[in-house]
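J.: Could you have a look at this structure, given as structure tokens, before my questions?
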């Protein structure tokens, strides 16, 4: 009887994974830009993993996972650990998330292969005018009282690899996405503060 030795994946050298951590408040353009980046990477023959916050919440379905600061911190670590896991297995991971906690950003840089942090900074007026989830309107009417950056304190990234003031209209979204793709794919992730656009 002939036997064929099967080489385990663990004995092979996996490709270098990367994590694109897109952070910004609600209305900053994270999800829209993340979708454009995902589609572009697919066109390049890549198969990126998208870790969208709402989808992760729905998948885990933890009834105790709320929107208060403590729950948001727990959720941020969930996103971070999942991203680190996929990256360690050679995947490109896109994480559009608020997650404005310095300790989570520091954890990412210490534990996540290929971590690249982009901060989409926007003025409150811009975010209110976009309001994709109607959260700002609800907050103004007193229906939403646990909103990051409004009711809840946030910690803006201290050393993002790329800082973009994203207050332009829809015609600028594709330009912003392309700038991020170029920086993400071509800039070594050293963990040091990067450029500003």
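J.: I'd like to know if the stretch 51-59 contains one or more residues that are surrounded by 18 or more Cβ atoms within 10 Å (Cβ to Cβ) and either farther than 19 Å from residue 77 by Cβ or modelled with pLDDT of 95 or more (or both).
T.: yes
J.: Which residues, taken from the stretch 26-57, are free of Cβ contacts under 8 Å to residues at least 24 places away in the same chain and within 24 Å of residue 107 (Cβ to Cβ)?
T.: 54, 55, 57 - these are the residues of the stretch 26-57 that are free of Cβ contacts under 8 Å to residues at least 24 places away in the same chain and within 24 Å of residue 107 (Cβ to Cβ).
J.: Of all residues being surrounded by fewer than 21 Cβ atoms within 10 Å (Cβ to Cβ) and part of a helix (DSSP H, G or I) in the stretch 87-103, which is modelled with the lowest pLDDT? Just the residue, please.
T.: 88
J.: Also, quick follow-up: Does any residue of the stretch 53-60 turn out to be within 25 Å of residue 159 (Cβ to Cβ) and in contact with a strand residue (DSSP E or B) (Cβ under 6 Å, 6 or more places away or on another chain)?
T.: Yes, the conditions are met somewhere in the stretch 53-60.
J.: Would you check which residues across the stretch 23-52 are part of a helix (DSSP H, G or I) and in contact with a helix residue (DSSP H, G or I) (Cβ under 8 Å, 6 or more places away or on another chain) and list them?
T.: Correct list: 32, 33, 36, 37, 40, 41.
The values are calculated or read from the model by the stated rules, or taken from the named source; none is laboratory data. These figures come from a predicted structure and were not determined experimentally. Don't worry about glycine lacking a Cβ; one is built from the backbone with ideal geometry, like all the others, and counts go over all protein chains shown.
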